[in-house]
Amino acid sequence: MDPHSLGVAHVSRESLEGYNPILRPFDTACAPMRSRTLDESRDEDSMSTEDDTRARSAERGDAGAPDAAAFDAGAPDAAALDAADPLAGHVSAFLPSDEVVSYLDGNSLGRPLAATADRFASFTRGAWGGRLIRAWDEEWFELPLVVGDRIGAIALGAAPGQTVVADSTTVLLYKMIRAAVDARPGRTEIVLEGDSFPTDRYVIEGIARECGLTVRQIAVDTAAGATLDQVRDAIGDSTAVVVLSHVSYRSGYLADLPGITAAVHDAGALVVWDLCHSVGVVPIELDACDVDIAVGCTYKYLNGGPGAPAFAYVARRLQGQLAQPIQGWMGAGDVFAMAADYRPATGMRRFISGTLRSSACCRCRTCST
Ligand SMILES: Cc1ncc(COP(=O)(O)O)c(C=O)c1O
């Protein structure tokens, strides 16, 4: 993944504010992020349905429908909206496509930045082709942590030393949830929202089987997501870990991250946030909200490209308490000692298992200059 291609790198908090249809407005670092209540969602949905019906009926020229000319006159001017768009200046940063004029599927794969094409070429000829194995010592070895810190600063509200880039989201979810469960011995339940992304549910199901735990699913409205009250009702003395999506992949619902994190802590449990659909989209303040653990991907709204690695955040206060289950050589304290026994590194390096993915190597000095 090329951190220079982070889609949010040049987008200010203020620009994002006006853009998010759910989070309005975002006042301070850890202002209670406002979740839509179900009633509000329904009201908004029914309003938009009524608006749509009126518009469709106007198109058909139905009796009683607003006059089409009057409708047009009241409609916002698309060109004027484009001109006033705080993000308009960023369009040229992305590679154009002859076939795609408007791309609304960043939730599956973000568009490439124009700079990325050159950086891949320069990486292949420069660090990889020119420096070969020396590039590991010169730069690549530290990149999981360097790129992690960069993502932390740009998009997560995380101070350095708490974010690492590695693996896929699914693998990092497994590693983090498993580590969190082990850090709460004696507690028997993992809590998640019933409509969470399938990989989260499958990973949790597997961990529960491995560790002899029970999975408690919060039944949520699929047009919304888990509310603070629902989470409070679901957790207690037996809860080890709560796993939730910050933004729901299905509904776009924004969970109350600060409120839920505090409630989970009150119950003595740990919280793991899946940030796949919120990173690069809404302001995130993991440190200020005292989040324990978070995982997310970089190929959606961070525009890292297909196969770009995932990231994990672990609050500094917890790092020494978590033992991750995939003990690989790259997470060992002395990687090249080739020691008989595994001794984890300190800090975020201990959450790495194997060799860094090459797409993250484009951060190297050779390519960036
Ligand atoms: C919310 C969420 N969590 C987890 C994943 C799994 O990510 P990966 O396929 O990178 O492991 C996805 C993938 O789209 C997702 O949307």
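Read the figures in this text as sums done on the coordinates, not as results from a lab. This is a predicted model, so every value here is computed, not measured. Note that we place each Cβ from the backbone using ideal geometry, even for glycine, and neighbour counts take in every protein chain shown.
Structure summary
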item: Residue among V295, V335 that is surrounded by fewer than 24 Cβ atoms within 10 Å (Cβ to Cβ), in contact with a helix residue (DSSP H, G or I) (Cβ under 7 Å, 6 or more places away or on another chain) and aliphatic (A, V, I, L, M); result: V335
item: Which numbered condition T227 misses (of (1) of a type in the set (V, I, T); (2) within 16 Å of the ligand (Cβ to nearest atom); (3) touching a residue at least 60 places away in the same chain (Cβ under 8 Å)); result: (2)
item: Residues within segment 163-173 that are surrounded by 23 or more Cβ atoms within 10 Å (Cβ to Cβ) and within 15 Å of the ligand (Cβ to nearest atom), tallied; result: 6
item: Output for segment 255-305, where each listed residue is within 16 Å of the chain's Cα centre (by Cα) and acidic (D, E); result: D256, D274, E285, D287, D292
item: Residue list for segment 85-118, restricted to those being in a loop (DSSP other than H, G, I, E, B) and under 21 Å from G307 (Cβ atoms); result: L95, S97, V100, Y103, D105, G106, N107, S108, L109, G110, R111, P112
item: Near pairs, Cβ below 9 angstrom, 6+ apart or cross-chain, from segment 179-207 (touching a residue at least 60 places away in the same chain (Cβ under 8 Å) and within 18 Å of Q321 (Cα to Cα)) to any residue that is within 16 Å of the ligand (Cβ to nearest atom) and of a type in the set (S, T, N, Q); result: none
item: Residues that are in a strand (DSSP E or B) and of a type outside the set (A, V, I, L, M, F, W, C), drawn from segment 227-240; result: T239
item: Verdict on T261 being β-branched (V, I, T), crowded, with 17+ Cβ neighbours inside 10 Å and touching a strand residue (DSSP E or B) at 6+ places or on another chain (Cβ under 9 Å); result: yes
item: Residue that is farthest from T298 (Cα to Cα) [pool: residues in segment 105-133 that are within 16 Å of the ligand (Cβ to nearest atom) and not polar (S, T, N, Q)]; result: D105
item: Whichever residue in segment 180-198 is crowded, with 17+ Cβ neighbours inside 10 Å and of a type outside the set (D, E, K, R) and, among such residues, is nearest to the ligand (Cβ to nearest atom); result: F197
